[in-house]
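Student: Supplied in structure tokens, the structure appears directly below.
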Amino acid sequence: MGEEKSEVDRHGFMLDDECCNGSCFILSEDASSNIDPSDPAKLRGYIKRGLTASERGIVWQSALNAKETKNKHKDFNYKECISRLNDELQISSVTDYKDIIVTINDKLKDSEGNEDNESLKTIRQILMDIDRTYPNHNLFDSGSENQAKLFHILSAYSQFDADIGYCQGMAYVVGLLLMYISDEETVFWCFTYLLSSKDHLHMVYHRTLNKVKLMSELLTFLIEKNYPQLSRHLKDMGVHGLMYSVQWFMCLFTNINCWDAVLLIADLFFTEGIHHLFNAGLAVIQNCAAELMVLSTIGEALPFLQNIPYRLVHRGQLKSLLFSHPVLINAKALDKYWEIAEKRLSEEEKGAREKHKRRQKRLRSPDDNDKQDIANGPTFFSRLANFFTPAKKQKTDESEHRGMPDTENQTPPVLPLPLSSFKKSIKSGYYTPDTGLVYTSPNTIEMKRITDSTSRGMLTSGYSEAKKLFSDSPSIQSPLLNNVLASGGERRSPRIARRRRREQQNLLQSPL
Amino acid sequence: MARATDKKYDHLFQLLLCGDSSVGKTCLISRFADNEFRHTHINTIGIDFKLKLFTIRDKKIRMQIWDTAGQERYETLTAQYYRKAQGIILVYDITREETFRNVTKWLRNIEDHGVKGVKIILIGNKVDLESERKISTRHGQKLANQHNIKFFETSAWKDINVTEAFTELAEQILAKVESGGGRDRGSSSIRESAIKLHEQQPTPATKSHGGCCSGGSSN
């Protein structure tokens, strides 16, 4: 990658792809003024105008309380930690990372099951990721000083806070800081502050990643609230918030195709707090809305959202929204939104757990299922009533439109019944001769209609389909079914149920 | 049967790649979907997504390929994607023993989160680094045999065996779908055909639910 080193933009990114084409925003270093980072009102003005690279360093250090954080953690000596690390790994120069990985691998092999393994593994993971962090930026060339700094800061942090450790994605944030604050230790303390501040990235990289899920849910809620049509459309396509927003939150929008826009978001986020991440998400979504609405499948929408064209997300586009748009949320409102998101998430997870249980049940082989149903299943009538419980709104679109994760309420899939079970079913009374309907299992809303006894079968699912089928085919007549259908699939009172059961038995006694 | 007439493809398959960090999952996808290899690429955070249109036996297959982050803590975000994958590509790096040892862990994950009977193939990637090889082909094959899955050794960089591996998986899924054994996917085609059936004229049951009621149903 080194050969075209001269071809970099003013931020230091290689000019090899479409990112950052054109200069939406240029502020020369001469514009630099003596800004006072401690005055929030003025600071906002400066950010709106745009910060120069040197101003940015000053502003970020001050906003992220580097000095205070260092003073707070007097027990942790960063320099000592790094020299210990270097001794341990026998690092002499910054260019021999590949060798270090080999050394670590050998060490790990020798010390199988040792407790130190975990921290060695973490360090190896960091080493592997360093080459994959801003590979297209000239500050992060292989073997560069900045890669060494990145490695030091991430390794030190993993020892400083063993609970959080190292999480992929952190390197982008540290790298972002390193681009504008060159002192390694200052960046370490800025990063430490970011990860401890509730207004910033507290818990975001925690092992459970629960905070990320919560943030994604919050953004989803805000989109739903402000752009209901788009939100519905995304849902219909099966595009879930987690599919596109994880990178935004964990890498601070550094995957956005305009570095000036990335910096604007970072400036606001570092100085004012986490609500700006949601605002940035909303602004990006709002800019993409029109184009998203004309896409119809997840296969089109997701690649689009994961690599949004420059023209929709450049600094000028986002700036007007980020400073004045009515849908923006402020820090005060955030508590309320966290609560809402938490509630929504716990409900969703509860639903998912139940779905998982149902799925496990369904996953038993059909034969087993069948045996169980016959052995201790509910009575025939209750089965029948179950079958006609109104199905959840049937979606006619393909799973192409739905996407992978099971985020929506879906009708449980229907298991095809093997022939042997089918025969058994007929014997055990799943079959009603007058309608030609065969019922399979109590959890499914399926019925099979035998149009002729040898080879033709027909399937339908759900109450509405069943109803339509019957109204379309006047030849199928059954008082019992008509009643069930007329009731909308509701169960009847015990008295009626008893009567139905009697009718039932009469039906079953008639010859097949 | 009739369901694909208005679409540009006959089947939609959902594939998922998993395996330890840095074994080359993203590179394998880039090689297969775009026929490119980048020495410098960024690591996958959360989940990534690629599409590939692909033809097997005159059937147009649209593949949605999901790429997952390899670091352990991301499993909590990626688990839900296992659920709908019809095929899973499990990758290890032949130059790193640990990634091979973890294959069993990943197989357990698939068992926990994936659908029953999901098609799996095992890939030992980076055969271009033969001199650094730690896991012999025989070992890989043996593990695959134990779990009754197909095994490939590939190189995303030198483009060795990549298409073959994806094709094999697609073939397996296609065979399953066509035989009607694809339970989850099969069932969704049943739902589809059911809807079609009542919308249009009652036609004989489609191929996609062979083996179910009414004896063979293939008309």
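Student: Does B:K116 satisfy being modelled with pLDDT of 90 or more and either open to solvent by 10 Å² or more (accessible area, probe 1.4 Å) or in a loop (DSSP other than H, G, I, E, B) (or both)? Spell out how you get there, then give the answer.
Tutor: Values: modelled with pLDDT of 90 or more: no; either open to solvent by 10 Å² or more (accessible area, probe 1.4 Å) or in a loop (DSSP other than H, G, I, E, B) (or both): yes.
Considered against the rule, which asks whether it is modelled with pLDDT of 90 or more and either open to solvent by 10 Å² or more (accessible area, probe 1.4 Å) or in a loop (DSSP other than H, G, I, E, B) (or both), B:K116 comes out as no.
Residue by residue, here is whether (1) open to solvent by 30 Å² or more (accessible area, probe 1.4 Å); (2) assigned by the TED database to the domain that holds A:E118 holds:
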site: A:M170; (1), (2): no, yes
site: A:S182; (1), (2): yes, yes
site: A:F191; (1), (2): no, yes
site: A:R232; (1), (2): yes, no
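Student: Identify all residues within the range B:88-121 that are more than 15 Å from the chain's Cα centre (by Cα) and among the charged types (D, E, K, R); write none if there are none.
Tutor: Once the filter is applied, which keeps residues that are more than 15 Å from the chain's Cα centre (by Cα) and among the charged types (D, E, K, R), the range B:88-121 yields B:D93, B:R96, B:E97, B:E98, B:R101, B:K105, B:R108, B:D112.
Student: Being more than 9 Å from chain B (Cβ to nearest Cβ) and of a type in the set (A, V, I, L, M) is the filter here; which residues of the range A:115-134 pass it?
Tutor: A:L120, A:I123, A:I126, A:L127, A:I130
Student: Let me ask something else. Scan the range B:153-163 and tell me whether some residue there is closer than 30 Å to A:K213 by Cα, open to solvent by 30 Å² or more (accessible area, probe 1.4 Å) and under 15 Å from the mean Cα position of the chain (by Cα).
Tutor: Taking the range B:153-163 first, the residues closer than 30 Å to A:K213 by Cα are none.
No, that holds for no residue.
Student: Need the failing condition index for A:N138 against (1) at pLDDT below 90; (2) more than 14 Å from chain B (Cβ to nearest Cβ); (3) out of contact with any Ser or Thr (no Cβ under 8 Å at 6 or more places or on another chain), just the number.
Tutor: (2)
Student: Turning to a different aspect of this structure: Among A:D260, A:D236, which is the only one that is touching a Lys or Arg at 6+ places or on another chain (Cβ under 7 Å) and either assigned to a helix (DSSP H, G or I) or open to solvent by less than 10 Å² (accessible area, probe 1.4 Å) (or both)? Don't jump to the end; show me each part of the working.
Tutor: Values: A:D236 fails: touching a Lys or Arg at 6+ places or on another chain (Cβ under 7 Å).
The conditions single out A:D260.
Student: One residue is enough: does the range A:309-318 have a residue meeting the conditions over 18 Å from the mean Cα position of the chain (by Cα) and β-branched (V, I, T)?
Tutor: Our first condition is that a residue be over 18 Å from the mean Cα position of the chain (by Cα); within the range A:309-318, this holds for A:309-318.
From what's left, β-branched (V, I, T): A:313.
Checked against the condition, which is being over 18 Å from the mean Cα position of the chain (by Cα) and β-branched (V, I, T), the range A:309-318 yields at least one hit.
Student: Suppose we filter the range B:152-164 for residues that are touching a helix residue (DSSP H, G or I) at 6+ places or on another chain (Cβ under 8 Å) and within 20 Å of B:R62 (Cβ to Cβ); how many remain?
Tutor: So the count comes out to 2.
Student: Taking the residues in the range B:93-111 that are in contact with a Leu (Cβ under 9 Å, 6 or more places away or on another chain) and within 11 Å of chain A (Cβ to nearest Cβ) as candidates, determine which candidate is most open to solvent (accessible area, probe 1.4 Å). Before you say what the answer is, go through the steps one by one.
Tutor: The initial filter retains those residues of the range B:93-111 that are in contact with a Leu (Cβ under 9 Å, 6 or more places away or on another chain), namely B:93-95, B:98, B:100, B:103-104, B:106-107, B:110.
From what's left, within 11 Å of chain A (Cβ to nearest Cβ): B:93, B:95, B:98.
On the way: B:D93: 2, B:T95: 20, B:E98: 37 Å².
Here the answer is B:E98.
Student: Within the range A:276-305, work out how many residues are surrounded by 23 or more Cβ atoms within 10 Å (Cβ to Cβ) and free of Cβ contacts under 8 Å to residues at least 40 places away in the same chain.
Tutor: So the count comes out to 1.
Student: On to the next question. Go through the range B:88-107 and give me each residue that's free of Cβ contacts under 8 Å to residues at least 60 places away in the same chain and either over 28 Å from A:D106 (Cβ atoms) or not in a helix (DSSP H, G or I) (or both).
Tutor: Across the range B:88-107, the qualifying residues are B:I94, B:T95.
Student: Working only within the range B:34-62, note down all residues that are open to solvent by less than 60 Å² (accessible area, probe 1.4 Å) and hydroxyl-bearing (S, T, Y).
Tutor: B:T40, B:T44
Student: Let me ask something additional. Would you check if there is a residue in the range A:138-148 being open to solvent by less than 40 Å² (accessible area, probe 1.4 Å), closer than 21 Å to A:F270 by Cα and outside the structural domain of A:L282 (by the TED database)? Please lay out each step first, then the result.
Tutor: Initial filter on the range A:138-148 (open to solvent by less than 40 Å² (accessible area, probe 1.4 Å)): A:140-141, A:143-144, A:146-148.
Pick out the ones that are also closer than 21 Å to A:F270 by Cα and you get none.
Checked against the condition, which is being open to solvent by less than 40 Å² (accessible area, probe 1.4 Å), closer than 21 Å to A:F270 by Cα and outside the structural domain of A:L282 (by the TED database), the range A:138-148 yields no hits at all.
Student: Hey, among the residues in the range A:271-317 that are of a type in the set (F, W, Y) and out of contact with any Leu (no Cβ under 6 Å at 6 or more places or on another chain), which one's modelled with the lowest pLDDT?
Tutor: Of the residues in the range A:271-317, the ones of a type in the set (F, W, Y) are A:278, A:304, A:310.
This time we only want the ones that are out of contact with any Leu (no Cβ under 6 Å at 6 or more places or on another chain), so: A:304, A:310.
Values: A:F304: 94, A:Y310: 91.
Ranking the candidates gives A:Y310 first.
Student: Being free of Cβ contacts under 8 Å to residues at least 24 places away in the same chain and not basic (K, R) is the filter here; which residues of the range A:69-94 pass it?
Tutor: Taking the range A:69-94 as the starting set, the residues that turn out to be free of Cβ contacts under 8 Å to residues at least 24 places away in the same chain are A:71-72, A:74-75, A:77, A:80, A:83-84, A:86-88, A:90-93.
The answer is A:N71, A:D75, A:N77, A:E80, A:S83, A:N86, A:D87, A:E88, A:Q90, A:I91, A:S92, A:S93.
The values are calculated or read from the model by the stated rules, or taken from the named source; none is laboratory data. Since the structure is predicted, the reported quantities are computational estimates derived from the model, not experimental observations. Because the Cβ atoms are built from the backbone with ideal geometry, glycine has one as well, and the counts that use them run over all protein chains shown. Heads up: the accessible areas ignore ligands, DNA and RNA and are worked out on the full protein's heavy atoms, side chains in. Shrake-Rupley method; radii C 1.70, N 1.55, O 1.52, S 1.80 Å.
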